[in-house]
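Novice: The following block contains the structure, expressed as structure tokens.
Nothing in this text is a laboratory measurement; each read-out follows from the coordinates by a stated rule. Please read these numbers as outputs of a predicted model, since none were measured by experiment. In this analysis, Cβ positions are derived from the backbone assuming ideal geometry, glycine residues included, and neighbour counts consider all displayed protein chains.
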Amino acid sequence: MKWTAILVAALVAAVQAKDDLPPNAQLRIGVKFRPEECTMKSELGDTLSMHYTGTLRKDGSKFDSSLDRNQPFEFPLGAGRVIKGWDRGLVDMCIGEKRRLTIPSDLAYGDRGSPPKIPAKATLVFDVELLDIKRKNDEL
């Protein structure tokens, strides 16, 4: 019985594990939820307020989450303050929309990684939810 449980656990881990994408692979954007009504979509230059959870594609381990801190993350879209995969993958999002971004290393942390939690050439998976948009012109 004990060996069966160990075997099942090992099999589940093996099925969940995925190889990293090639560094130059394309960004993958999956829409998980889109609200019926969308009065505003994110544009370059907007300040976005997001909740996110980041995991390594290879083993599914979580390396960061705004939900764990109960604190949304705010940043200007397209200003280079986040990884390229975010600047590209969060355009044209509706408030309340949820996406899964699968980001190859060239659009994330590349050959260096972000030690100790993100190894070199790691493919990252982010589950994101757009909470709010502040237009660049609204902030003036």
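Novice: Where residues in segment 95-113 are closer than 15 Å to Arg57 by Cα and of a type in the set (Gly, Ala, Ser), which of them is surrounded by the most Cβ atoms within 10 Å (Cβ to Cβ)?
Specialist: Ranking the candidates gives Ser105 first.
Novice: Might you let me know whether segment 86-109 holds any residue that is aliphatic (A, V, I, L, M), farther than 22 Å from Pro76 by Cα and touching a helix residue (DSSP H, G or I) at 6+ places or on another chain (Cβ under 7 Å)?
Specialist: no
Novice: Report the residue count in segment 39-85 for those that are closer than 25 Å to Lys121 by Cα and of a type in the set (Asp, Glu).
Specialist: Number satisfying all stated conditions: 2.
Novice: Of the numbered conditions (1) over 28 Å from Glu37 (Cα atoms); (2) hydroxyl-bearing (Ser, Thr, Tyr); (3) touching a Leu at 6+ places or on another chain (Cβ under 7 Å); (4) surrounded by fewer than 18 Cβ atoms within 10 Å (Cβ to Cβ), Thr53 satisfies every one except a single condition; which is it?
Specialist: Going through the list (1) over 28 Å from Glu37 (Cα atoms); (2) hydroxyl-bearing (Ser, Thr, Tyr); (3) touching a Leu at 6+ places or on another chain (Cβ under 7 Å); (4) surrounded by fewer than 18 Cβ atoms within 10 Å (Cβ to Cβ), Thr53 breaks only (1).
Novice: Consider only pairs whose beta carbons are under 9 Å apart and that are at least six residues apart or on different chains; among these, list those whose first residue lies in segment 28-40 and is exposed (fewer than 12 other Cβ atoms within 10 Å of the Cβ) and whose second residue is of a type in the set (Lys, Arg).
Specialist: Pairs found: Val31/Lys98; Val31/Arg99; Val31/Arg100; Lys32/Lys98; Lys32/Arg99; Lys32/Arg100; Phe33/Lys98; Phe33/Arg99.
Novice: Additional query: Just one of the numbered conditions (1) surrounded by fewer than 19 Cβ atoms within 10 Å (Cβ to Cβ); (2) under 19 Å from Lys134 (Cα atoms); (3) over 16 Å from the mean Cα position of the chain (by Cα) is not true of Asp46; which one?
Specialist: Here Asp46 meets the rest and fails (1).
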